[in-house]
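Just below is one structure, and these are the notes that go with it.
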Amino acid sequence: MRKSIMLIRIIALLFCFVQCFNAQDLANNYTIGRGDEISIRVLDSPDIPDKPIRVDPDGQIALPLIGRIQAAGKSVAAFETDLTDRLRAYIISPQVSVNVTEFGSQPVSVLGAVGAPGVYQLSGTKPLAQVIALAKGLAPDAGGRIRIASYRRGTTPPDTPARLSFAADAGTSESGDRIVTEVSVEDLLSSSPAVGATLIHPFDVITVPKARLVYVIGEVHKPGGHVLSNRESVSVLEAVSMAEGTLATASPKHAVLLRRDASSSQRVETPIDLQRILEGRGGDNVLLQPDDILLIPRNAVRSVGLRSLEAAIQLGTGVVIWRR
């Protein structure tokens, strides 16, 4: 038992060592950019303060002894080498370490139906699922598709907030130096290999549109708009189920589908015998498309009868109470 515990501890320590080594290697290979904040430590050199320094819009920083030096566009390891070479004129065998304390040069925008839309900083590339998680996940009214607007590789992305904002607006169409791809929410939630291979790069714009609605109105328990979520359509029966069923005063035999005509934008009425569908006697269980309206009218005779019955019950109850 003790040998097994020791073996497990050794394996855990080796795993931590490998993870730390990989993280350090990734940090050394990170390319410094404009807006990043870095800290520089020089052993036994009080002239260079150990304080975070922001890389300016020109990609440079200013340090005592050596003045301004280019930082943006260089890896952390390469920048350490440049600093070491420059400091040799003032310090014997300088020991220099550089760390990125705050990422500010690799933004990705997450817009639309997510928990916390906004701009997030990456350190390299990340899978789509991780970036969505940074934005607190998908909102309950998220649609079925996710759009990703990316810069074509080889083009120069924007490096100022103003240009980034313009890029976010332009990212909804495929033109110029932008490529727009779509990913299914269902594939994302099911960890599809295709979605797992979708990497998000700095300056990408992720848009999660809100889900489309179908409307069920009239004599149902829950009239109004109902979210399609990640579906493109629902059947009439599913729509009625979303509305929690019909009321006793409904006339399902005379239900009507109102669908907007693409050419005229006018609503076209299509009669639907919902009664036959509900009773399983056939009928066309039509698929409702986004923005369709299913109207279930009131049965006037049945409505009057129910009102009379309710009045009689109330009157009878009142007589019983009065007699008591």
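Go ahead and run the numbers for FRET between Leu199 and Arg281, Cβ-Cβ distance against an R0 of 41 Å, rounding to 0.05.
With a Förster radius of 41 Å, E is 0.20.
In nm, give the distance between the simple-model label positions of Gln60 and Ala77, each being 7 Å from the Cα along the Cα-to-Cβ direction.
Here the answer is 2.7 nm between the modelled labels.
Over the Cα atoms of segment 29-69, compute the convex hull volume and normalise it per residue, giving Å³.
74
With a cut-off of 8 Å between alpha carbons and a minimum separation of six or more residues, what is the relative contact order of segment 213-302 in percent?
After rounding, I find 39 percent.
State, to one decimal in nm, how far the label point of Glu102 lies from the label point of Ser123, with both points 7 Å from Cα in the Cβ direction.
Output for this residue pair reads 1.6 nm.
Using a basic spin-label model with each label point 7 Å from the Cα along Cα→Cβ, how many nm lie between Leu43 and Ser192?
Inter-label distance under the simple model: 5.3 nm.
How many angstrom lie between the Cα centre of segment 179-232 and the Cα centre of segment 234-274?
24
List every residue whose amide H lies under 5 Å from the amide H of Val214, counting only residues 5 or more places away in sequence or on a different chain, with H placed 1.01 Å from N in the peptide plane.
It is His226, Leu228, Asp291, by chain and number.
May I have the convex hull volume per residue, in Å³, for the Cα set of segment 253-296?
Convex hull of Cα atoms, per residue: 66 Å³.
Go through 65-77, 285-297 and give me the packing order, highest mean Cβ count within 10 Å leading.
Ranking the peptides 65-77, 285-297 by packing returns 285-297, 65-77.
Short version: what are the Cα gyration tensor semi-axes of segment 213-302, square root of 5 times each eigenvalue, largest first, in whole Å?
In descending order the semi-axes read 20, 15, 13 Å.
So which lysines pass the test for Lys210, namely a Cα distance under 17 Å, with those fewer than 8 places away in the same chain ruled out?
Lys136
Highest mean first, what order results for 106-113, 269-276 on Cβ atoms within 10 Å?
Packing order, densest peptide first, comes out as 106-113, 269-276.
Every read-out reported here was derived from the displayed coordinates using simple, explicitly stated rules and does not represent laboratory data. The structure displayed is predicted, hence computed values, not measured ones. Positions of Cβ are generated from backbone atoms using ideal geometry, with glycine treated the same way; all protein chains shown enter the neighbour counts.
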